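Working notes for the structure below.
The values are calculated or read from the model by the stated rules, or taken from the named source; none is laboratory data. As the structure is a computational prediction, the values presented were derived from the model and not from experiment. Note that we place each Cβ from the backbone using ideal geometry, even for glycine, and neighbour counts take in every protein chain shown.
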Amino acid sequence: MTPHPRLTGPVRVIGTGLVGTSIGLALARLGVAVQLVDADADAVAMAERIGAGARLAAGDPEPQVVVVAVPPDHVGAAVAAQLAATRTAVVTDACSVKSKPLADAAALTAADDLARYVGSHPMAGSERSGPLAGRADLFDGATWAVTPHPASDPDAVGVVQLLAEACGAKPVRLTAADHDLAVARVSHLPHLLSSLAAGTLVDAPSEHLELSGQGLRDVTRVAGGDPGLWTQIVSANTGALTVLLEQIRAELDRVLVALGKNSGNGDITAVLAHGVTGAARVPGKHGAPHTEHATVQVIIPDRPGQLAKLIADAAESGANVEDLRIDHSPGRPVGHVELAVKPDSVEQLVAVLTARGWVVHR
C-alpha cells in the first residue's frame with residue numbers, strides 16, 4: 001500500500017484507548033507507519049494486534065507527528081515530554097479541552113519547542129473505551145478542531161490539518177478558548193445534564209422504569225460514559241461550563257417558579273419554545289443545515305432478520321432513510337422502528353412497505 005502522499009514520516013500515537021487506536025487504524029489503512037506507545041502493556045499489545053500500528057522500539061526513526069491521546073489530567077505533561085524527546089516532530093493532542101493542556105505544556109516547555117505544538121480535538125467518540133472500541137472509520141466525515149496558539153509554527157499547523165484529513169475528518173480552526181466554550185455547549189453540558197437525568201432513576205421503583213420509552217433512552221444514553229474520564233474533562237473546562245450552568249440554573253429557577261403558580265404556563269411554554277428553536281440549529285448529516293424530516297413508524301417483529309428486511313424494503317421504495325431509531329416495547333414481542341425521510345418520500349415509502357406486509361403509521 002502506498003503511504004499517504006503528504007504524511008512523509010511515521011506518526012507516533014501516545015495512548016492506545018478508543019481515540020488513539022482509531023487514529024492508528026485510520027492511518028494504517030493509508031499505509032502510514034504508526035508507532036504505538038502506552039503505559040498499559042496489554043492495551044498497546046491489543047492495539048498492535050488489531051492493526052493500529054507497531055509498538056515503539058529502540059532505534060525507530062523520529063516521527064513527523066506525535067499525537068498525545070491520554071486522559072486530560074496528563075495531556076500537558078505528555079505533550080511537554082514529547083517536545084523534549086524529539087527535535088523536529090510536530091506534537092498535537094486529541095484532548096477534549098484545549099486551554100488547560102496548553103497552559104500545562106507551556107509551563108514545562110521552552111518557547112522555541114512550544115512552536116511545534118498545535119492542539120487539536122477530533123469530534124468523534126463513543127461511550128465505549130479501550131483499544132477494542134477503536135475503528136478505522138471513526139473520524140470519517142467528522143469535524144476535527146485544530147487549535148493553534150499564537151506562537152505555533154504555521155507549518156506545524158498545516159501538518160496537523162493534514163493529519164486530520166488523513167484520518168478522514170474535516171479540520172476546523174479555532175482558538176483554544178473558543179473551542180472550550182464550543183465543546184462545553186455541544187458535549188460537556190449535555191453529558192452533565194444526561195447524568196443528572198439518569199441519576200433520578202437510581203432509586204426509581206421498577207414499575208416506573210417499565211414505562212420507559214425512546215425519549216428516556218435518548219436523554220440518558222451518554223450518561224453511560226466513564227465517570228473518571230468525564231470528571232477530568234469537566235474539571236478541565238470549569239470556566240466555560242460555569243457560564244452555561246449558571247444559564248441553566250436561571251432557566252430551572254424560572255420553571256420552578258412557574259410550576260408553583262396557578263397561571264405559570266406562559267413561562268413554561270417560553271422555555272419549551274426556546275428549546276425548540278435551539279434544537280433546530282443542530283446541524284444535520286455531514287454538518288449540513290438542520291432539515292426537517294417526516295417520521296414513518298413501522299411495527300417490527302422481534303425476530304432475527306426483520307430489521308435487515310425492513311431496511312431492504314425501504315431502499316426498494318427509493319426513499320433515502322436519513323435516520324433510524326428503534327423503540328422496543330417492554331413485555332411485547334414487537335418493536336417500533338422510526339424511519340426519518342424527506343417529506344416528499346413519505347407516500348412512496350408507506351405504499352411500498354404496506355404492500356410488503358409491514359404495519360405502518362405516520
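Of note:
- Among the residues of region 166-203, those identified as charged (D, E, K, R), touching a residue at least 40 places away in the same chain (Cβ under 8 Å) and surrounded by fewer than 20 Cβ atoms within 10 Å (Cβ to Cβ) are K170, R185.
- Test: G224 is loosely packed, with under 15 Cβ neighbours inside 10 Å, under 23 Å from A279 (Cα atoms), under 15 Å from the mean Cα position of the chain (by Cα) and assigned by TED's automatic domain parsing to the domain that holds Q64: no
- Hits in region 51-98 - residues which are within 22 Å of the chain's Cα centre (by Cα), of a type in the set (A, V, I, L, M) and over 14 Å from G9 (Cβ atoms): A52, V68, A69, V70, V75, A94, V97
- Any chance V90 is touching a residue at least 40 places away in the same chain (Cβ under 8 Å), in contact with an Asp or Glu (Cβ under 9 Å, 6 or more places away or on another chain) and hydrophobic (A, V, I, L, M, F, W, C): yes
- Filtered residues of region 48-74 (kept if among the β-branched types (V, I, T), in contact with a Leu (Cβ under 9 Å, 6 or more places away or on another chain) and either buried (at least 19 other Cβ atoms within 10 Å of the Cβ) or closer than 16 Å to V90 by Cβ (or both)): V65, V66, V67
- Hey, A250 over 25 Å from L211 (Cα atoms), at pLDDT below 80 and out of contact with any Phe, Trp or Tyr (no Cβ under 7 Å at 6 or more places or on another chain) or not: no
- Residue in region 2-10 that is at pLDDT 95 or above, outside any helix (DSSP H, G or I) and crowded, with 24+ Cβ neighbours inside 10 Å present: no
- If you go through region 341-359 and keep only what is surrounded by fewer than 17 Cβ atoms within 10 Å (Cβ to Cβ) and within 33 Å of the chain's Cα centre (by Cα), you end up with K342, P343, D344.
- Yes/no for R55 being farther than 17 Å from A164 by Cβ, without any contact (Cβ under 8 Å) to a residue 24 or more places away in the chain and in contact with a Pro (Cβ under 9 Å, 6 or more places away or on another chain): no
- Within the set A184, A223, A240, the sole residue that is in a helix (DSSP H, G or I), closer than 26 Å to V271 by Cβ and touching an Asp or Glu at 6+ places or on another chain (Cβ under 6 Å) turns out to be A240.
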